[in-house]
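Just dropping this structure here.
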Amino acid sequence: MVARTLDKLQLKTPLESWDQGTIEKVVNAFTDEKFPTVCALNKIDHPDADKNIAKIAKQQDPNAIVLTSAISEVFLRKLAKQGYVKYVEGSDFVDTREDLIADGDPDGGGLKELDDKLKAFAILIPATYWVDADNLAHVGVWRT
C-alpha cells in the first residue's frame, strides 16, 4: 500500500530531502489510499433522483458513489417477514417463489405467490443502480 501510494505520487526527491510540504502530500495520499471516501446517496427511489445523482457524479468519482434506498430495504424486510421473498437483510439478492422454482425447488421454498402489484415492485427491488461515467446524465437500473 505504501509503495502504491508513492508510485502514484511519482516523487523524485529522496526521502532524506523531504520537506514539510512533501511529507504532508505523502501522508494525505496514503490516507486517501488506505481510507477511501465513499459517497452514499440515499433516497434514490425518488422520481428526480437521477438528476441529482448525475450532478453529484460530475463532482465526485462515480466509482466512489454508492446508491441506496432505505425504503426499499424496509419493504424487502416486510416481504420476507410475510413469506413472499427469501431475503437476507442488507444482501444484494432476493428470491421469489418463481425464482426458486426456476432453480429447481418444486415447492418454491415454501414462499407465497406474488400478486401482480407485488411483482411490479419486485422487478425494481432490489436493483443495481449505476452511473455511466462517460455520460453522467445517464443513470440505469436493472434487477440483480
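Can you tell me how many residues in the range 31-81 are within 30 Å of D115 (Cα to Cα), at pLDDT 85 or above and surrounded by fewer than 16 Cβ atoms within 10 Å (Cβ to Cβ)?
3
Just give me the residues in the range 99-116 being surrounded by fewer than 10 Cβ atoms within 10 Å (Cβ to Cβ) and part of a loop (DSSP other than H, G, I, E, B), in sequence order.
G104, P106, D107, D115
From the list T13, T31, T22, T5, which one is over 29 Å from the mean Cα position of the chain (by Cα), outside the structural domain of A57 (by TED's automatic domain parsing) and part of a helix (DSSP H, G or I)?
T22
Further question: In the range 1-56, which residues are β-branched (V, I, T) and over 30 Å from S69 (Cα atoms)?
V2, T5, T13, T22, I23, V26, V27
Let me ask you something else. For the range 77-98, does any single residue satisfy the condition of being in a strand (DSSP E or B) and charged (D, E, K, R)?
Yes, the range 77-98 has at least one match.
Here's a follow-up. Based on this model, can you work out whether I56 counts as in contact with a strand residue (DSSP E or B) (Cβ under 8 Å, 6 or more places away or on another chain), β-branched (V, I, T), part of a loop (DSSP other than H, G, I, E, B) and in the same structural domain as K117 (by TED's automatic domain parsing)?
no
Residue check: is D134 modelled with pLDDT under 75, in a loop (DSSP other than H, G, I, E, B) and under 24 Å from K55 (Cβ atoms)?
Numbers: modelled with pLDDT under 75: yes; in a loop (DSSP other than H, G, I, E, B): yes; under 24 Å from K55 (Cβ atoms): yes.
Yes.
When the residues of the range 10-48 are filtered to those that are of a type in the set (G, A, S) and without any contact (Cβ under 8 Å) to a residue 12 or more places away in the chain, which remaining residue is farthest from F75 (Cα to Cα)?
Step by step, filter the range 10-48, then rank; the result is S17.
I'd like to verify a number: residues in the range 99-117 that are hydrophobic (A, V, I, L, M, F, W, C) and touching a Leu at 6+ places or on another chain (Cβ under 8 Å), how many? Before the answer, list the steps.
Here is the first cut: in the range 99-117, the residues hydrophobic (A, V, I, L, M, F, W, C) are 100-102, 111, 114.
Now narrow it down to the ones that are touching a Leu at 6+ places or on another chain (Cβ under 8 Å): 100, 111.
Of the residues in that region, 2 qualify.
Restricting to the range 82-93, and then to whatever is in contact with a strand residue (DSSP E or B) (Cβ under 8 Å, 6 or more places away or on another chain) and under 25 Å from I53 (Cα atoms), can you tell me which residue is surrounded by the fewest Cβ atoms within 10 Å (Cβ to Cβ)?
Residue satisfying both the conditions and the ranking: D92.
Among the residues of the range 82-95, what is the count of those that are among the charged types (D, E, K, R) and under 14 Å from E113 (Cα atoms)?
Looking only at the range 82-95, we keep the residues that are among the charged types (D, E, K, R), and these are 86, 89, 92, 95.
Now restrict to residues that are under 14 Å from E113 (Cα atoms): 86, 95.
So the count comes out to 2.
Separate question: Scan the range 51-60 and give yes if some residue there is without any contact (Cβ under 8 Å) to a residue 60 or more places away in the chain and among the small types (G, A, S), otherwise no.
Looking through the range 51-60, none of the residues is without any contact (Cβ under 8 Å) to a residue 60 or more places away in the chain and among the small types (G, A, S).
The values are calculated or read from the model by the stated rules, or taken from the named source; none is laboratory data. Quantities reported herein were computed from a predicted structural model and do not represent experimental measurements. Glycine gets a Cβ as well: all are built from the backbone with ideal geometry, and neighbour counts include every protein chain shown.
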